[in-house]
Ligand SMILES: [Fe+2]
Ligand SMILES: [Fe+2]
């Protein structure tokens with residue numbers, strides 16, 4: 001039963017316990033419906049608190065008020081006046097109704113960025129004259145991966161490497177082997193039989209897919225430990241894994257899609273940001289703050305200031321690592337699927353990125369949820385009515401995947 005301060009008691013409250021004054025004098029019995037007169041007597045006798053019955057109407061009012069406050073917080077993340085019609089309405093439903101059921105604490109992007117935001121006015125540098133290729137070249141060491149992984153990458157990139165060669169090299173690294181087997185056995189890949197060895201994984205998934213997964217895992221390992229002060233790297237990787245899982249789940253709604261390719265594309269889609277963060281941390285922080293002040297998406301602010309975005313950088317890296325050209329194209333155009341040669345794949349990755357953002361799982365530096373147009377939905381070939389099924393499955397599987405990677 002709630003205890004109320006006498007100043008909070010209102011006419012109509014029902015006493016849930018007898019009330020006595022501090023000297024022991026009996027005042028009112030349990031069940032009394034308080035009137036203005038009762039409240040005056042209680043105050044006169046110096047009663048500071050009373051037990052009252054729960055008032056369902058009032059409880060509901062408080063719940064509704066808290067719900068509205070939460071919704072107000074969420075709506076700030078969406079483009080203005082965008083949440084009334086599908087597909088943005090479907091995304092808003094996930095953010096406000098589905099996510100609170102699965103996440104105890106929801107960190108909104110604005111709150112996360114506040115930690116690095118000094119509040120000073122952002123002074124933007126004049127448009128920088130650097131090409132994306134030069135930027136990648138300036139970070140040779142970072143982009144060529146630590147030497148322990150280089151050998152594995154050489155075998156994985158060798159078109160003549162047999163399943164046995166790959167199994168042998170990968171098995172030399174117990175942590176990589178364990179990770180690959182756990183990914184191969186995770187429900188999102190939908191394999192029925194249990195995979196216990198790399199060679200078995202190759203025979204089930206196929207050599208190309210296993211190569212792709214292994215490369216994705218290696219690259220994340222190589223990039224995981226880079227010191228980046230202005231971005232919470234745990235949040236960054238959580239976002240990347242979230243997009244990987246969303247892309248894998250979403251693509252399974254289309255017949256003939258290779259879910260592993262989408263998984264790896266999701267894992268690596270924002271990798272270009274890391275090169276930018278390492279190469280020019282000060283400038284990149286300003287780009288993030290500029291995106292916040294101007295209420296635009298991060299890649300738009302990048303384009304304004306640099307003339308290219310992290311998709312361009314990611315695509316150069318993807319080429320360098322000999323990923324299939326379709327994957328490179330997806331990474332390059334994940335913010336601009338309509339301009340892509342592989343527009344259907346890029347649209348699925350774009351929607352997966354947005355779904356990860358409306359799930360508030362991790363943080364990739366973007367404050368505002370990008371606008372999802374009907375055209376992009378149409379290009380993806382996936383009906384928005386399945387977004388909530390994808391998001392529900394996502395929350396069942398994401399913790400396990402996070403444990404594998406982080
Ligand atoms: Fe991105
Ligand atoms: Fe992203």
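Rule-based calculations on the coordinates, nothing more; no lab input. The model shown is predicted, which means the values in this text are computed figures rather than measured ones. Glycine gets a Cβ as well: all are built from the backbone with ideal geometry, and neighbour counts include every protein chain shown.
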Practice task
Compare 344, 53, 378 in a GNM of the chain, Cα atoms joined below 10 Å, and give the one with the largest fluctuation.
Solution key: 53
Practice task
Could you give log10 I(q)/I(0) at q = 0.19, 0.24, 0.28 Å⁻¹ for the range 3-51, computed by the Debye formula over C-alpha point scatterers of equal weight, without solvent?
Solution key: -0.49, -0.83, -1.19
Completion exercise
Per its Cα gyration tensor (rounded if a/c is under 1.5, else prolate when a/b beats b/c, else oblate), the range 236-356 is best filed as prolate
Exercise for the section: Please determine, in degrees from 0 to 90 and to the nearest 10, the orientation of helix 281-294 with respect to the longest principal axis defined by the Cα atoms of the chain, where the helix direction is its Cα long axis. Expected result: 50
Practice task
Go ahead and run the numbers for FRET between residue 255 and residue 85, Cβ-Cβ distance against an R0 of 25 Å, rounding to 0.05.
Solution key: 0.35
Practice task
Report Rg (one decimal) and Dmax (nearest whole number) for the range 259-329, counting Cα atoms only, units Å.
Solution key: 13.1, 38
Completion exercise
Residue span residue 29 to residue 48: 0.36 nm per residue of separation minus Cα-Cα distance leaves a gain in nm of 5.2 nm
Completion exercise
Taking 0.36 nm per residue of separation between residue 40 and residue 172 and subtracting their Cα-Cα distance, the length gained on full extension comes to 39.4 nm
Exercise for the section: With label points built 7 Å along Cα→Cβ from the Cα atoms of residue 400 and residue 373, find their separation and express it in nm. Expected result: 3.8
Problem - Three principal axis lengths of the chain [C-alpha, angstrom, descending] - result: 94, 56, 40
Exercise for the section: Report the calculated FRET efficiency for residue 294 and residue 105 (r = Cβ-Cβ distance, R0 = 30 Å), to the nearest 0.05. Expected result: 0.60
Problem - CD proxy at 222 nm, helix term only [per DSSP H run n ≥ 4: -39500 (n - 2.57); per residue of the chain; nearest 500] - result: -17500 deg cm²/dmol
Practice task
Provide the packing ranking of 364-377, 76-89, 386-399, i.e. peptides ordered by the mean count of other C-beta atoms within 10 Å per residue, highest first.
Solution key: 364-377, 386-399, 76-89
Fill in the blank from the handout: Longest principal axis of the chain (C-alpha) makes with the long axis of helix 343-358 (C-alpha) an angle, in degrees to the nearest 10, of 30
Completion exercise
Rounded to one decimal in nm, the spacing of the 7 Å Cα→Cβ label points at residue 319 and residue 208 is 2.1
Exercise for the section: Compute the long axis of helix 233-251 from its Cα atoms, compare it with the longest principal axis of the Cα atoms of the chain, and write down the angle in degrees, 0 to 90, nearest 10. Expected result: 80
Fill in the blank from the handout: Rounded to one decimal in nm, the spacing of the 7 Å Cα→Cβ label points at residue 73 and residue 154 is 5.2
Exercise for the section: Would you please put 324-333, 346-355 in order of how densely packed they are, using the mean number of other Cβ atoms within 10 angstrom per residue and starting with the highest? Expected result: 346-355, 324-333
Exercise for the section: Determine the gain in length on full extension of the stretch residue 97-residue 182; use 0.36 nm per residue of separation and subtract their C-alpha separation, reporting nm with one decimal. Expected result: 27.5 nm
Fill in the blank from the handout: Out of 271, 287, 130, a Gaussian network model of the chain with alpha-carbon springs under 10 Å gives the largest mean-square fluctuation to 130
Practice task
Go ahead and run the numbers for FRET between residue 14 and residue 141, Cβ-Cβ distance against an R0 of 56 Å, rounding to 0.05.
Solution key: 0.20
Fill in the blank from the handout: Yeah, the range 298-362 with a ≥ b ≥ c from its alpha-carbon gyration tensor (a/c under 1.5 is rounded, else prolate when a/b outruns b/c, oblate otherwise) is oblate
